[in-house]
């Protein structure tokens, strides 16, 4: 499968919602990287000073009440380059992001590295990656073939998927055998929170790509502790009690449909 690449620059799509605390660092990381930027398109749904900061820094700002997945389509429709770089407003990309991934453009629909959270450590990120816990399948810093993306995500227009759209998209790619590439050697840094906070919090608009299931309190307890030694083994492996609440939150969110696919 070949994905057309005729341009050597990239439009960057950044959805924002009250991102004033991290946006400047995100943009600084982008401009210090080797990504050849054509223009930066910010799709904003903020009540803080994010759009003003974006405009001062030379971004094209589109004010919209679109949810996260819809915002990605708004940006993709406005962009002009064959591949776009989707970038979350709280992510600092690897300075060699482009040079380490450019050879895969034209061969893969999605081309990306992985990310780790600033306050977590390398071995936890490695564990998530090699255990296939799907956070690597988020679109937080990703080259995407624009026309293919628009074709695959046409149904997002009605807003039925919000922040869970990335997991949904990867599932579609797997089903249709659309090639996707990600590398553990291209590491971007997520600035906000840690894995436990992300698993705890509600989705951007309280929606999920998965349907929530209703469980009785007893069934939740049984399911949560179905592997009684899991928390102990993780603590021994990573030498940190922080992983026990991480495990608990991960299992709860798996049950309720808010976490990884």
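The values are calculated or read from the model by the stated rules, or taken from the named source; none is laboratory data. Since this is a predicted model, take the numbers as computed values, not measurements. Methodologically, a virtual Cβ is constructed for each residue, glycine included, from the backbone with ideal geometry; neighbour enumeration extends over all protein chains shown.
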Residue 114 fails exactly one of (1) under 17 Å from residue 169 (Cβ atoms); (2) modelled with pLDDT of 90 or more; (3) buried (at least 22 other Cβ atoms within 10 Å of the Cβ), namely (2)
Give the residues of the stretch 45-59 that are surrounded by 13 or more Cβ atoms within 10 Å (Cβ to Cβ) and in a loop (DSSP other than H, G, I, E, B), sorted by residue number.
45, 46, 48, 49, 57, 59
Members of the stretch 159-183 found to be at pLDDT below 85 and over 16 Å from the mean Cα position of the chain (by Cα), listed by number
159, 160
Please identify the pairs in which a residue from the stretch 155-171 that is on the phi > 0 side of the Ramachandran plot and in the same structural domain as residue 181 (by TED's automatic domain parsing) has its Cβ atom under 7 Å from the Cβ atom of a residue that is surrounded by 20 or more Cβ atoms within 10 Å (Cβ to Cβ) and assigned to a helix (DSSP H, G or I), counting only partners at least 6 apart or on another chain.
159/70
So which of 135, 140 ends up being under 30 Å from residue 65 (Cα atoms), buried (at least 18 other Cβ atoms within 10 Å of the Cβ), modelled with pLDDT under 90 and touching a strand residue (DSSP E or B) at 6+ places or on another chain (Cβ under 7 Å)?
140
Single residue of the stretch 184-199 satisfying the filter (surrounded by fewer than 16 Cβ atoms within 10 Å (Cβ to Cβ) and modelled with pLDDT of 55 or more) that is farthest from residue 115 (Cα to Cα):
185
Any chance residue 204 is more than 21 Å from residue 90 (Cα to Cα), under 15 Å from the mean Cα position of the chain (by Cα) and either at pLDDT below 80 or crowded, with 17+ Cβ neighbours inside 10 Å (or both):
no
Does at least one position in the stretch 86-94 carry a residue that is in contact (Cβ under 8 Å) with a residue 60 or more places away in the chain and out of contact with any strand residue (DSSP E or B) (no Cβ under 8 Å at 6 or more places or on another chain)?
no
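This table checks each residue for (1) touching a strand residue (DSSP E or B) at 6+ places or on another chain (Cβ under 6 Å); (2) in a helix (DSSP H, G or I); (3) crowded, with 17+ Cβ neighbours inside 10 Å.
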{"position": "14", "(1), (2), (3)": "yes, no, yes"}
{"position": "31", "(1), (2), (3)": "no, yes, no"}
{"position": "34", "(1), (2), (3)": "no, no, no"}
{"position": "41", "(1), (2), (3)": "yes, no, yes"}
{"position": "61", "(1), (2), (3)": "yes, no, yes"}
{"position": "65", "(1), (2), (3)": "no, no, no"}
{"position": "74", "(1), (2), (3)": "yes, yes, yes"}
